[in-house]
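What follows is a short report on a single structure.
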Amino acid sequence: MAYEAAERVHCLIIGSGPAGYTAAIYASRANLKPVLYQGIQPGGQLTITTEVENYPGYPTGIQGPDMMIDFEKQAIRMGADIRFGLATKVDFSKRPYRVEIDEEKWIEAESVIICTGASAKWLGLESEQRLNGFGVSACAVCDGFFFKGKEVAIVGAGDTACEEALYLSKLCSTVHMFVRRGEMRASKVMQDRVLKASNIVVYWNTEPLEVIGGQKVEAVRVHNKQKDKEEIIPISAFFVAIGHQPNSDIFKGWIDMDEQGYIKTISGTAKTNLEGVFAAGDVQDKNYRQAVTAAGSGCMAALDAERYLSALESI
């Protein structure tokens, strides 16, 4: 594969958000002179989140976009080179590794930290997107607290949907759970817990058609396929728990992944199967998906990269 002359860097960070920016802070302090490309959504999923109350250090809470501005400013103050741009292709066949940016320029990197995150799957409703952040959410753990004592709804049928429904049931008066088929995909134990919860109402064969509301969620219109009947249910929040898709497509064939596309890392590290390539944040975490855990893994990735590069220099 022939390339034009490429820019050479010590440490390339692909993607922003808590993982990417934290990796940039630590890599900068280690004098790795990191270059970070922010990706298609600078700041990651937190830029479409409203108030964040569960991140340490913000006692009165903070808006998600403002938090990411703080992270970015800190990374820049430490010396990180933050750039707009999207990684569109990689060649990890040999070191230095090569990453194409915006289908037009190549970067050569002695180490690469992948922080491209994961994207929530949505139902595809116009109203769902319009009210995203105003009562519509893809994270019950992040946003459920704001609807304490209120009626809410959740759609999904897997273990994550069940876990989030149970989490909401401890906060909210009633949880309306919509299962689009006649059965759940969740494990038997999780189904049993949901069905035994006194304030979770399960609607089988039920498809949400519209989230109703002007400036905030007020109700949801659903269709029961078995009865061929529509119903409007008053709620204050609508949670979507139909899965996440890791943003890892360009790394397929180079990096080991699980069947869902999450990048595999060596336990207790941010190391992938390729020496000098590390992964942090939601692109490798399908269990927690929290800002604080993403930031922690970004720290791990930068420290792993520092040790890797130091070992190279000592050879």
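The values are calculated or read from the model by the stated rules, or taken from the named source; none is laboratory data. This one's a predicted model, so the numbers in the text were calculated from it and none came from an experiment. Counting neighbours? That spans all protein chains shown, and the Cβs are built from the backbone with ideal geometry, glycine included.
The number of residues in region 21-35 being within 18 Å of Ala311 (Cβ to Cβ), outside any loop (DSSP other than H, G, I, E, B) and touching a strand residue (DSSP E or B) at 6+ places or on another chain (Cβ under 8 Å) comes to 1. For region 111-128, a residue qualifies if it is buried (at least 23 other Cβ atoms within 10 Å of the Cβ) and either under 9 Å from the mean Cα position of the chain (by Cα) or not assigned by TED's automatic domain parsing to the domain that holds Gly296 (or both), and the qualifying residues are Thr116, Gly117, Ala118.
Restricting attention to region 227-237, the residues that are outside any strand (DSSP E or B) and either in contact (Cβ under 8 Å) with a residue 40 or more places away in the chain or assigned by TED's automatic domain parsing to the domain that holds Asn287 (or both) total 2.
Counting only strands (runs of 3 or more DSSP E) that sit completely within region 147-226, those holding 2 or more residues that are touching a residue at least 60 places away in the same chain (Cβ under 8 Å) and buried (at least 18 other Cβ atoms within 10 Å of the Cβ) correspond to 151-155, 206-212.
Considering region 238-269, the residues that are aliphatic (A, V, I, L, M) and part of a strand (DSSP E or B) include one that is surrounded by the fewest Cβ atoms within 10 Å (Cβ to Cβ), namely Met257. For region 36-59: of the residues being in a loop (DSSP other than H, G, I, E, B) and among the aromatic types (Phe, Trp, Tyr), which is farthest from the chain's Cα centre (by Cα)? Result: Tyr58.
Of the residues making up region 264-314, those that are in contact with a Pro (Cβ under 7 Å, 6 or more places away or on another chain) and either farther than 30 Å from Ala161 by Cβ or of a type in the set (A, V, I, L, M) (or both) are Val283, Ala291, Val292, Ala294, Ala295. Residue pairs whose Cβ atoms lie under 8 Å apart, sitting 6 or more positions apart in sequence or on different chains, and linking a residue in region 300-315 that is outside the structural domain of Asp285 (by TED's automatic domain parsing) to a partner that is crowded, with 19+ Cβ neighbours inside 10 Å and in a helix (DSSP H, G or I), do not occur here. Scanning region 270-299 for residues that are surrounded by fewer than 24 Cβ atoms within 10 Å (Cβ to Cβ) and of a type in the set (Asp, Glu) turns up Glu275, Asp285.
Going residue by residue through region 47-54, is there one that turns out to be charged (D, E, K, R), more than 15 Å from Val292 (Cα to Cα) and either crowded, with 24+ Cβ neighbours inside 10 Å or in contact (Cβ under 8 Å) with a residue 12 or more places away in the chain (or both)? The answer is no; no qualifying residue exists.
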